[in-house]
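See structure below.
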Amino acid sequence: MHGDDLAVEVSAMGCKSDDGSKMALCPSLQYGRRTFQEGRLATGAAKTRFTAWLGKQHRRLVYVDWLADLGPNPALRRLRLPVCSQIVQFGRHAWRGRLRAPRRVCVPASPIAKVCAIRGHARRYGLRLFVETGTCFGATTAAVAGLFDKCWTIELSEELHAQAKRMFAGTNVECLQGDSGTVLPKIIDDLPAPALFWLDAHATGGSLTADAGYDPILREVEAVVRSPLRHVALIDDARGHNFGEIRRLAGPTRCSMRNDIIRIAPA
């Protein structure tokens, strides 16, 4: 070969010119290396997706077991498990020495179901004011604030209250800090029109939530039903409350329970 023409020798290490100097990898080897690396990445991604899928299925099975352990509850909605889920649950129970798996489970209301309940009652009764006890992270109020002219939310934890104030700064939401059993009656006394109440101030546990040392729900219900205005109240986590006592305070014609929510509405 003469001039600038180079004789290329393909070796396992790469390409060499006729004078022995190393050149860049040959295109064929470059392509092979890239394909191999992409194959390894694809295999790793597939393993990651499969592991994530297995984890998701495991969490589902554990959740169904937890629901089954709750047992029948009139406050919760009963759902029938699909046949495939019944078979899997039967296998899991048989492995543990139990030969019978539940066909139905009682399911607590999802967050979207709670938001739909609030929106539905607000539209049905034409309510433009909203009061929440138990702000927590503010997700419920944030989801429905656009439907109301004015909102109030009460939180006992100082840390969660400060977080909510930053979150709702400059909006139609007023954040109040204190015991809802004491703060709520003061708000009700100043309301100019009927309001929708979302009562969720009972202790839920966790490192940030605060516990007043008692369940304020009876004080809250009493303050709502004693008002001369036709308020509507929705109580979250019905399964954890004394429905008979709440119904006695609110009146049997005004109080009902469905989908883990106690509903107090004008008769």
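Nothing in this text is a laboratory measurement; each read-out follows from the coordinates by a stated rule. Note that the coordinates shown come from a computational prediction; the quantities given were computed from them, not determined experimentally. Because the Cβ atoms are built from the backbone with ideal geometry, glycine has one as well, and the counts that use them run over all protein chains shown.
Side notes on the structure shown:
- Extension gain, ALA143-SER227: 0.36 nm per intervening residue step, less the Cα-Cα distance, totals 27.6 nm.
- Placing pseudo-labels 7 Å out from each Cα toward the beta carbon at TRP95 and THR182 gives an inter-label distance of 5.3 nm.
- Region 47-107 pair-distance distribution - Cα-Cα, 10 Å bins, rounded %: 22, 48, 25, 5, 0
- Descending by average beta-carbon neighbour count within 10 Å, the peptides 135-147, 80-92 line up as 135-147, 80-92, the highest first.
- Efficiency of FRET from Cβ geometry, PHE243 and ARG104, R₀ 22 Å, rounded to 0.05: 0.55
- Pair-distance distribution of region 111-264: all C-alpha pairs, bin width 5 Å, starting at 0; shares per bin in whole percent are 2, 9, 21, 24, 24, 15, 5, 1, 0.
- Two-site label geometry, SER85 and LEU191: point separation in nm, points 7 Å out along Cα→Cβ: 3.7 nm
- Table column - 3J(HN,Hα) (Hz), region 227-240, Karplus curve with 6.51, -1.76, 1.60, x for Gly and Pro: 5, x, 7, 8, 7, 10, 10, 10, 10, 6, 6, 4, 5, x
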